[in-house]
Amino acid sequence: MFQVLASSWALLLGMLFLMVGNGIQGTLLGIRGGIEGFSTFEMSIVMSAYFVGFLGGSRLAPGLIRRVGHVRVFAALASLISAILILYPTLADPIAWTIGRVLIGFCFSAVYVTAESWLNNAATNETRGKALSLYMITQMAGIVSAQGLILIADPAGFVLFIIPSVLVSISFAPILLSVSPTPAFETTKPMSLRRLIRTSPTGAAGMFLMGGVFSALFGMASVYGTSAGLSVAQISGFIATIYIGGLFLQYPIGWLSDRMDRRTLILAAAAIGGVAAGVALVLGGSFAALLVTAFVIGGMSNPLYALLIAYTNDYLDRDDMAAASGGLLFINGVGAILGPLVTGWMMGLIGPQGFFLFIAILMLSLAAFTAYRMTQRAPVPVDETGSYAPVLPTASPVAVEVAGEVAAEAREDEAGEGRSDPAR
C-alpha cells in the first residue's frame, strides 16, 4: 500500500479534491433548486443531465485523449468544471442548469478516464489491486467530506459554489506538477450488447437496474431531503451515511463474493437493500430510521456494482473482459439517465416517499430476476471464479477494465498454484 501511495500520491490528492467538488455540487444543487422554487420534475431533469454527459464522456473521452493528450484534457476539462460551478448561482434557471450538468458530467467522465489511466500506468501487476482499492477509498472519502462542507455556509448564497470551484481548480496542480510519466492510452473495441446479454443476463440486467439506483442516490437524495422538509444538516448527514455504508460494507461483501456463489450474494444484497428502502418508505418520518436505512441501502447498492462486474467476468475469457466493460458501462449509463427522471415522476405522483419506492422496486426486481436465473444456469464453481475488485459506479471504463485485469490475474495465479501443488 505504501508503494502505491509513494507512486500515486499526487494523483490521489488531486482526485480527492475533485470528488469533494463533485460531491458538493451534487448535493448543493438539490438544496438550492428547492430554494429557487424549481419543481421536482425540473430537478429530475437537471440531475439526469449529469448522467447523459457522463455516458457521452465515457464514449468520447478516449478519442479526445488520443488527439490532444492526457495533460491537456485533464487541465482543460477541470478548468471547465470550475467555471460551470461558478455559473450555477448566477444562472438560476432549470435549462441553464441542465446544460451545465451535461457539460459537468462529460468533463468528470473524461477526467476519470484520464486519472485512472495514470493510476493504472503507475501500478504494477502486484500493486494494481491495492491501487484500485486506494482509489475507491479516496473517491468515497471525497464524497463523504463534501457533505460536511455543505454546512459551513448558506446554500442560498455563493460561497458553497465557490468552494468546489476552487477545489477543482487546484485539483490538477499536484497531478500536472508531478514527475509521473504520461501513460500510453489504448482502448478496446467493445463487445456487442447482444453477446454481452447472452453471456450474462444477470450481469446486464443488474447493471441497468443499479444504474437507476445509483443515479437516484447520487442525484435525487438531496431533492428528496428538500421535499421531505429535512434541514441542510440532516440532508448532509443522510447523504454522507449512504456513502459511509458503501465504504464500510464494500470489503466484507467482496470477501464473501470470493467464497460463495455470487448469485446468492447478489440476491441477498439486493433483497436487503430493497427491504431497507421499504422500511424507509414506511418510517421515513423518523430521522434515526432514515440514517439506518441509508447506511444499509448504500452498503448494499455500492458493492453490488462491483459484484455484478465480477460475476459477469466469471463467464468471460480474459481477452473478453476489457471488451465487455464498455458494454456494461453503457447499460449502466442508460439506467442512470432514466433513474432521476422516473424518481422525479414518482415523487411528483406520491410525494417525497416516491424516492424510496423507486429504489425498493429496482432492488427487489434485481433480487427476483437473480432468483429466476439461478434456476436456469448452474453456478460457476467458487475455485474457478476471479477475485472481487472494488469499483464504484462513478468509475470510468479504465477502472472497470483494471478490475477485470485484477480478477483475471488472480484467477491465473490460483490456477498456477493448483498446478504446482500435487496435493490439490
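Every number here is computed from the coordinates shown, using simple stated rules; none is lab data. Small disclaimer: the values here were computed from a predicted structure and weren't measured. Note that each Cβ is placed from the backbone with ideal geometry, even for glycine, and that neighbours are counted across all protein chains shown.
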What ranking do 152-164, 350-362 get when scored by the average of other Cβ atoms within 10 Å per residue, highest first?
350-362, 152-164
Extension gain, F158 back to V71 (0.36 nm per residue minus Cα-Cα distance, nm):
28.3 nm
Based on the mean of other beta carbon atoms within 10 Å per residue, what is the order of 25-31, 311-317, 256-262, 331-337, most packed first?
25-31, 331-337, 311-317, 256-262
Full-extension gain between Q234 and S365, please, as 0.36 nm times their residue separation minus the C-alpha to C-alpha distance.
44.2 nm
If you average over every viewing direction, what projected area does the convex hull of the Cα atoms of region 205-291 give, in nm²?
6.0 nm²
Dipole of the chain [Lys/Arg +1, Asp/Glu -1 at C-beta], most positive-end residue of G245, A289, I84:
I84
Add +1 for every Lys or Arg and -1 for every Asp or Glu among the other residues with Cβ under 13 Å from the Cβ of W97, and state the total.
-1
Rounded to the nearest 500, the 222 nm mean residue ellipticity computed for the chain from DSSP H runs (n ≥ 4, each -39500 (n - 2.57)) alone is -28000 deg cm²/dmol
Quote to one decimal, in nm, the extra length available between R198 and D383 on full extension: 0.36 nm per residue of separation minus the C-alpha distance between them.
64.3 nm
For 109-117, 373-381, ranked highest to lowest by mean beta-carbon neighbours within 10 Å, the order is 109-117, 373-381
Taking every Cα atom in the chain, find the radius of gyration and the maximum pairwise distance Dmax, and write them in Å.
20.5, 71
Quick check for me: using +1 on Lys/Arg Cβ and -1 on Asp/Glu Cβ, what's the dipole size of the chain about its Cα centre, in debye to the nearest 20?
600 debye
